[in-house]
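J.: Dropping the structure in here first, questions after.
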Amino acid sequence: MDTRQSQTPEEELQHLKEVNEPEDFAHPEPDETQPEAREPSRGLPWLLPLVIVLAVAVLGFLLVMGMSD
């Protein structure tokens, strides 16, 4: 099923002009139409280092226990 909208040649030209505009480096702030770009990331930046430290600790423990046998 084709869900594309029909555009007049003028609308297509306007759309192409909008798409091909260069990025505005003088005003690098996110658009108000993209509120997610303004929000800080809510990820867990400490999770990856914690997992790495725990993995190294477990591997070190297993290595030490394996050598003591």
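J.: Go through the stretch 1-40 and report how many residues are among the aliphatic types (A, V, I, L, M) and at pLDDT below 70.
T.: First, the residues of the stretch 1-40 that are among the aliphatic types (A, V, I, L, M): 1, 13, 16, 19, 26, 37.
Retained after the next criterion (residues that are at pLDDT below 70): 1, 37.
Final tally of qualifying residues: 2.
J.: Of all residues in the stretch 41-53, count the ones that are at pLDDT 80 or above and open to solvent by 100 Å² or more (accessible area, probe 1.4 Å).
T.: 2
J.: Out of curiosity, is residue 66 modelled with pLDDT of 70 or more, outside any helix (DSSP H, G or I) and open to solvent by less than 80 Å² (accessible area, probe 1.4 Å)?
T.: Judged against the criteria, residue 66 is not a match.
The values are calculated or read from the model by the stated rules, or taken from the named source; none is laboratory data. All values derive from a computational prediction rather than experimental measurement. Heads up: the accessible areas ignore ligands, DNA and RNA and are worked out on the full protein's heavy atoms, side chains in. Shrake-Rupley method; radii C 1.70, N 1.55, O 1.52, S 1.80 Å.
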